[in-house]
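The values are calculated or read from the model by the stated rules, or taken from the named source; none is laboratory data. Everything numeric here is computed off the predicted structure, so don't read it as measured data. Using ideal geometry, Cβ is built from the backbone for each residue, glycine included, and neighbour counts are taken over all protein chains shown. With ligands, DNA and RNA removed, areas are computed over all heavy atoms of the protein, side chains included. Shrake-Rupley method; radii C 1.70, N 1.55, O 1.52, S 1.80 Å.
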Amino acid sequence: MKNTIIILLLFLLVCSCNENNMQTKNDFIIGSGQLPQLAKDKNNLYLVYGTGDSIMYSQSPDNGNTFSKPLIISVVPDVYSFAMRGPQIAVANNNIILTACTTLGNIFSFYKNKDGAWAQGSRVNDADTVCKEGLMALSADGNNAFAVWLDLRGNKRNKIYGAKSIDGGKTWSKNIFIYASPDSSVCECCKPSVIIKDNNVYVMFRNWLNGNRNLYLIQSTDGGNTFSQAQKLGTGNWKLNGCPMDGGAIALDNGTPETVWRREDKIFNAAPGMPEKEIGEGHNCTIETVNNKNVYAWVENGEVVFVNAKGQKKILGKGSLPVLKALNNKQVMCMWENEKHIHASVIEL
């Protein structure tokens with residue numbers, strides 16, 4: 001009898017560490033569309049995605065348990081809404097900010113003020129049709145927002161440019177040169193990432209240098225006016241004559257950047273100046289920090305997987321291009337696309 005009890009206790013202990021022990025609100029569909037992006041303030045979770053020429057928006061007042069009926073913010077002819085090139089969203093103090101790029105290479109902005117009305121802001125790029133790839137990112141903190149993108153101006157080779165807004169997305173600054181590869185171009189089909197906190201702006205991008213397609217991080221300490229020298233992430237290299245179409249993601253842990261990215265078929269986590277740590281296999285990886293711990297999602301064998309801070313893995317469903325947003329210290333929302341529908345799961349940590 002005593003041996004039976006010990007075996008039972010060991011069995012329960014093993015089960016408690018099993019990847020299926022994580023609790024989720026089952027995979028549910030928000031609407032028809034592609035490329036979801038999330039933002040959050042103290043009260044609401046905000047969602048933007050694309051479907052055809054339409055920019056779609058929905059919000060949740062209860063940590064992802066329910067969402068408002070998706071509505072069309074704007075119909076923008078030839079707007080990108082596929083292959084990592086969808087609309088972006090961020091929350092400033094009083095406004096929700098959206099950016100969207102067209103296939104002609106122009107980035108448009110929209111904002112929702114505290115009265116609840118949507119309006120179109122100024123164009124983000126100050127040189128015509130320079131964002132042909134449509135690869136961009138957006139972040140906001142306080143009254144400040146910062147957008148980055150792949151830009152062709154000058155020599156018609158992709159480089160990193162940015163712009164800031166100090167009025168909640170209504171207007172955008174003169175565009176700011178951030179980085180150009182001394183070899184030729186940055187990686188042409190990988191989405192950059194940006195995160196702003198106080199006066200710090202961090203931009204991550206996949207470079208193309210000496211034949212290698214490695215991830216680099218570059219920082220501004222003056223609100224994006226000037227940027228330091230770009231720093232390679234990790235110690236290894238990926239020599240590749242082509243673009244992997246996989247730009248990784250960035251988050252902040254107590255002000256320290258944490259990154260996740262792919263090299264070949266491996267997924268790595270790295271902080272600046274530290275060796276990379278292999279955490280899995282797959283592609284389309286993303287990261288969020290929750291209570292000073294990293295959590296991840298990526299695509300593995302056609303399925304979206306979530307990995308918690310202990311390395312436990314949970315399969316969420318078939319699909320691609322997952323995004324994560326912390327709801328509180330105990331829950332994370334994961335959204336992704338599958339067969340042109342937006343899927344979501346709430347994960348209990």
- request: Could you tell me the accessible area of Val75 in Å² (1.4 Å probe, neighbours in place), rounded to the nearest ten?
  value: 90 Å²
- prompt: Given the options Asp198, Asp265, Asp115, which has the most mean-square fluctuation in a GNM of the chain, springs set between C-alpha atoms less than 10 angstrom apart?
  reply: Asp115
- request: Report Thr51's accessible area, 1.4 Å probe, all protein chains in place, as a number in Å² to the nearest 10.
  value: 50 Å²
- request: For the chain, with all protein chains present and a 1.4 Å probe, just round the carbon and sulfur fraction of the accessible area to a whole percent.
  value: 49 percent
- prompt: Over the Cα atoms of the chain, what is the Rg over Rh ratio if Rh follows Kirkwood?
  reply: 0.98
task: Taking a cut-off of 23 Å between Cα atoms, list the lysines near Lys313, but don't count ones fewer than 8 places away on the same chain.
output: Lys25, Lys266, Lys277, Lys293, Lys325, Lys330
- prompt: So who's got an amide H within less than 5 Å of the one on Ile279, skipping anything under 5 residues away but keeping other chains? H placed 1.01 Å off N, in plane.
  reply: Ile267, Phe268, Asn269
query: Considering only protein heavy atoms, what is the solvent-accessible area of Trp238 at a probe of 1.4 Å, reported in Å² to the nearest 10?
result: 20 Å²
- request: Find which of Ala230, Ser60, Trp298 sits farthest along the positive direction of the dipole of the chain, computed with +1 on the beta-carbon of Lys and Arg, -1 on that of Asp and Glu, about the Cα centre.
  value: Ala230
Antiparallel DSSP beta bridges within segment 188-229, percent to nearest 5: 100 percent
- prompt: Which one of Ala309, Ala180, Ala270 has the biggest mean-square fluctuation once the chain is modelled by GNM with Cα springs under 10 Å?
  reply: Ala309
task: Obtain the nm distance between the two label points defined at Glu339 and Asn94 by a simple spin-label model: each point lies 7 Å from its Cα along the Cα-to-C-beta direction.
output: 4.6 nm
statement: Answer in debye to the nearest 20: the dipole magnitude of the chain about its Cα centre, from +1 Lys/Arg and -1 Asp/Glu charges placed on Cβ, is 200 debye
Dipole of segment 97-187, positive direction: furthest Cα of Thr129, Ile166, Gly116, with charges on the beta-carbon: Thr129
message: Given an 8 Å cut-off on Cα distances and at least 6 residues of separation, report the relative contact order of segment 288-349 as a percent.
response: 25 percent
query: For segment 122-276, what is the accessible area per residue in Å² when the probe is 1.4 Å?
result: 39 Å²
Degrees between helix 2-16 axis and first principal axis of the chain (Cα, 0 to 90, nearest 10): 10 degrees
message: Under 16 Å between alpha carbons, and skipping anything fewer than 8 positions from Lys340 in its own chain: which lysines qualify?
response: Lys318
message: How high is the relative contact order of the chain? Use alpha-carbon pairs under 8 Å, at least six apart in sequence, and give a whole percent.
response: 14 percent
field: Residue among Met245, Met274, Met56 with the largest mean-square fluctuation in a Gaussian network model of the chain, springs linking Cα atoms under 10 Å
entry: Met274
